[in-house]
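Enquirer: First the structure, which I've put down as structure tokens, then a few questions once you've had a look.
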Amino acid sequence: MTKEQGLDKGMQLRSGPLQLNFSDTYRSARIPDAYERLLLEVMRGNQNLFVRKDEIEAAWKWCDQLIAGWKKSGDAPKPYAAGSWGPMSSIALITRDGRSWYGDI
């Protein structure tokens with residue numbers, strides 16, 4: 001089941017294959033971008049797509065702990081090429097437990 005595209009469709013579902021290429025699947029339909037949807041929800045007074053202040057604070061608390069850990073260890077996030085599986089050190093991280101990433105690396 002996939003959601004019918006469009007702001008006027010609500011949560012109507014349709015049966016069919018999962019097609020992630022919306023331009024091919026919905027050739028005649030104009031699909032609004034994410035900001036357009038958010039602005040419409042603001043005008044409607046619907047806050048369901050927005051996070052509360054305490055959720056943001058909890059997320060930053062979690063992120064601050066990661067940043068503090070990197071500073072304490074003298075380490076930093078490893079750069080890697082866009083579209084890749086991540087830094088080479090990620091392979092070592094998972095293989096030391098006898099596991100591996102799926103797919104071609």
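Enquirer: Could you work out the local net charge near L66, counting Lys and Arg as +1, Asp and Glu as -1, over the other residues with Cβ closer than 12 Å to its Cβ?
Expert: Numbers: positive: K61, K71, K72; negative: D64, D75.
Taking every Cβ under 12 Å from that of L66, the sum is +1.
Enquirer: Could you state the accessible area per residue of the chain in Å², with a 1.4 Å probe and every protein chain left in place?
Expert: Accessible area per residue, the chain: 89 Å².
Enquirer: Another question, if that's okay. Tell me the mean residue ellipticity at 222 nm calculated for the chain from its helices only (DSSP H runs of n ≥ 4, each -39500 (n - 2.57), averaged over every residue, nearest 500).
Expert: -12500 deg cm²/dmol
Enquirer: Going Cα to Cα from K3, which aspartates and glutamates come in below 13 Å? Please leave out same-chain ones fewer than 8 positions away.
Expert: none
Enquirer: In addition: Using only the alpha-carbon atoms, how far is helix 53-73 inclined from the longest principal axis of the chain? Give it as 0 to 90 degrees, nearest 10.
Expert: 20
Enquirer: Let me check I've understood the local charge: for K3, count other residues with C-beta under 11 angstrom from its C-beta, Lys and Arg +1, Asp and Glu -1. What total comes out? Could the numbers behind the result be given before it?
Expert: Details: positive: K9, R14; negative: E4.
That sum, taken over residues with Cβ under 11 Å, equals +1.
Enquirer: Rg and Dmax in Å for the range 56-105, alpha carbons only: what are they?
Expert: Final numbers for Rg and Dmax: 13.9, 38 Å.
Enquirer: Would you calculate the separation in nanometres between label points at W70 and Q5, each defined as 7 Å from the Cα along the Cα-to-beta-carbon direction?
Expert: Result: 3.6 nm between the two label points.
Enquirer: Looking at the chain, what % of the alpha carbon pairs are farther apart than 18 Å?
Expert: Across the chain, Cα pairs with separations above 18 Å total 73 percent.
The values are calculated or read from the model by the stated rules, or taken from the named source; none is laboratory data. Since the structure is predicted, the reported quantities are computational estimates derived from the model, not experimental observations. All Cβ positions, even for glycine, are placed from backbone atoms using ideal geometry, and neighbour counts span all protein chains on display. Heavy atoms of the whole protein, side chains included, go into the accessibility calculation; ligands, DNA and RNA do not. Shrake-Rupley method; radii C 1.70, N 1.55, O 1.52, S 1.80 Å.
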